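A short worksheet on the structure shown next.
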Amino acid sequence: MIVVGLDLSLTNSGVTIVRDGEIALHQVRSPAPEDSSVLAVWERIRYSAIRVVRLVPADAVVVVEWASYASKFGQPDERNAHRWLIAGTLAGRGCRVLKASPKTRAKYAADDGTADKKRVLAAMRARHPGLVIADDNVADSLALAAMGARHLGRPIDGVPSKQQTEVMRTLRWPKTEGA
């Protein structure tokens, strides 16, 4: 079974792919458009989405960090379009897609649902010392992939903490064959 964690961003998406216990970390960067026209913004969203989708195997379980509905900054409409385009495309290709909130990801990664990105990055680097985790986007995607791997009975991050166990119980996992 293949698990993918996605921390989606219009600037720099983190993508982690776990296949047979092997972990591959990726970043998908997307330059800002020259102008803010509808077409320019849409092309940026599509460009990034195409690059992310190409990395994801068609039969994967995909855990996506979903919107923080309290967030009002950082182009929320554009980020939502980006997220839905990717999630819908992956679901249409046979992937089982799970939405996880930022607090859920933080609690799983750093045992604290209010942990900021720096704490999550530090926690993931400590938990995976053999990996080069470039930034908080990759750290977030790694935490999301770890959640998926644990769900499938193939954990990549050791014995779960009490908080991680709580997180795993709260998520509504998509049905998977053979899991």
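To keep it simple, each residue is scored yes or no on (1) in contact with a Gly (Cβ under 9 Å, 6 or more places away or on another chain); (2) crowded, with 16+ Cβ neighbours inside 10 Å.
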{"site": "His128", "(1), (2)": "no, yes"}
{"site": "Leu131", "(1), (2)": "no, yes"}
{"site": "Val138", "(1), (2)": "yes, yes"}
{"site": "Met147", "(1), (2)": "yes, yes"}
{"site": "Arg150", "(1), (2)": "no, yes"}
{"site": "Arg169", "(1), (2)": "no, no"}
{"site": "Trp173", "(1), (2)": "yes, no"}
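Within region 4-49, which residues are over 12 Å from His82 (Cβ atoms), in a strand (DSSP E or B) and among the β-branched types (Val, Ile, Thr)? Within region 4-49, Val4, Val15, Thr16, Ile17, Val18, Ile23 qualify. Residues that are buried (at least 16 other Cβ atoms within 10 Å of the Cβ) and either at pLDDT 95 or above or polar (S, T, N, Q) (or both) do occur in region 30-38.
Checked against (1) buried (at least 21 other Cβ atoms within 10 Å of the Cβ); (2) farther than 14 Å from Ser141 by Cα; (3) free of Cβ contacts under 8 Å to residues at least 24 places away in the same chain; (4) not small (Gly, Ala, Ser), Glu43 passes all but condition (1).
Among the residues making up region 79-97, those that are more than 20 Å from Ala145 (Cβ to Cβ) and among the aliphatic types (A, V, I, L, M) are Ala81, Leu85. Taking the numbered list (1) in a loop (DSSP other than H, G, I, E, B); (2) free of Cβ contacts under 8 Å to residues at least 12 places away in the same chain in turn, Ala58 passes all entries but (2).
Determine if region 1-14 includes at least one residue that is without any contact (Cβ under 8 Å) to a residue 40 or more places away in the chain and either closer than 24 Å to Pro129 by Cα or exposed (fewer than 14 other Cβ atoms within 10 Å of the Cβ) (or both).
no
Of the candidates Leu131, Leu142, Leu152, the single residue that is in contact (Cβ under 8 Å) with a residue 12 or more places away in the chain, in contact with a His (Cβ under 8 Å, 6 or more places away or on another chain) and of a type outside the set (Ser, Thr, Tyr) is Leu142. Scanning region 84-103 for residues that are over 17 Å from Leu171 (Cβ atoms) and charged (D, E, K, R) yields a single hit, Arg93. Considering the conditions (1) at pLDDT below 95; (2) within 17 Å of the chain's Cα centre (by Cα); (3) within 26 Å of Pro160 (Cβ to Cβ), Asp20 is excluded by exactly one of them, (2).
The values are calculated or read from the model by the stated rules, or taken from the named source; none is laboratory data. Source: prediction; values computed, not measured. Heads up, the Cβs are rebuilt from the backbone with ideal geometry, glycines too, and the neighbour counts pull from every protein chain shown.
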